[in-house]
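Before we start, here is the structure in question, set down as structure tokens.
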Amino acid sequence: MNGRFRLAALAPLALSSLALGSVPFVAGSAHAAAPTATCHVTQSANSPSFNIIGQGLTPGAKVRIRQAGTSIGMVAGADGNLAGSIEVGSAGGPVTMQEEGGPRLACGTVKQAEEKQTRDQYAKGYQDGFKLGKATCKAQAPQGVIAVDPNYEKGFNAGAAAAIAKYCD
């Protein structure tokens, strides 16, 4: 084989390997962002306790939940999530969550959880009432359906009335 031909064939390969050789150094300097922990409070059904939901924690980390003088210790799951409940203190103040060695996070207040529960129940009732009102042109829930929450019932009645006014008159 001709010496010039070999040089011409191998030169582009040698140059490209030099150029690509620096790619790992450039890509290696980027750091992955650490997950950000979050938490929120939800109301427990038919109970004086409230649920605490935590996400984005370090798997297996010790976590402290506090509310109005009450403090409980928990451990984050292998997926970095945490779920537990806490009895409502008489003050009903804010609930916080703190991963060991990390910042204290505000999860919300008991009042915020109650207000969200009210809005969620009303919205669910409205959707169900609207759907049934549109389908049957009746404002009553079918037999055997009992509203668990008065806000659901209010939402159901409002949704049914809106659907009947829109589709049945």
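The values are calculated or read from the model by the stated rules, or taken from the named source; none is laboratory data. The model shown is predicted, which means the values in this text are computed figures rather than measured ones. Ideal geometry is used to build each Cβ from the backbone, glycine not excepted, and the neighbour counts take in all protein chains shown. Note: accessible area is taken over every heavy atom of the protein model, side chains too, but ligands, DNA and RNA are not part of it. Shrake-Rupley method; radii C 1.70, N 1.55, O 1.52, S 1.80 Å.
Tell me, yes or no, whether segment 96-107 has at least one residue that is open to solvent by 80 Å² or more (accessible area, probe 1.4 Å), among the polar types (S, T, N, Q) and under 14 Å from residue 39 (Cα atoms).
Checked segment 96-107: no residue is open to solvent by 80 Å² or more (accessible area, probe 1.4 Å), among the polar types (S, T, N, Q) and under 14 Å from residue 39 (Cα atoms).
Conditions (1) at pLDDT 90 or above; (2) buried (at least 16 other Cβ atoms within 10 Å of the Cβ); (3) out of contact with any His (no Cβ under 9 Å at 6 or more places or on another chain), marked per residue:
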site: 135; (1), (2), (3): yes, no, yes
site: 138; (1), (2), (3): no, no, yes
site: 143; (1), (2), (3): no, no, yes
site: 152; (1), (2), (3): no, yes, yes
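Tally the residues that are over 15 Å from the mean Cα position of the chain (by Cα), open to solvent by less than 80 Å² (accessible area, probe 1.4 Å) and either farther than 17 Å from residue 99 by Cβ or not hydrophobic (A, V, I, L, M, F, W, C) (or both), restricting the search to segment 60-83.
8
Report, by residue number, each residue of segment 108-127 that is open to solvent by 80 Å² or more (accessible area, probe 1.4 Å), modelled with pLDDT under 90 and touching a Gly at 6+ places or on another chain (Cβ under 8 Å).
If the condition is that a residue be open to solvent by 80 Å² or more (accessible area, probe 1.4 Å), modelled with pLDDT under 90 and touching a Gly at 6+ places or on another chain (Cβ under 8 Å), then 111 is the only one that fits.
Now a separate question. Filter segment 43-58 for residues that are touching an Asp or Glu at 6+ places or on another chain (Cβ under 9 Å), open to solvent by less than 50 Å² (accessible area, probe 1.4 Å) and at pLDDT 90 or above and give the result.
Scanning segment 43-58 gives 54, 57.
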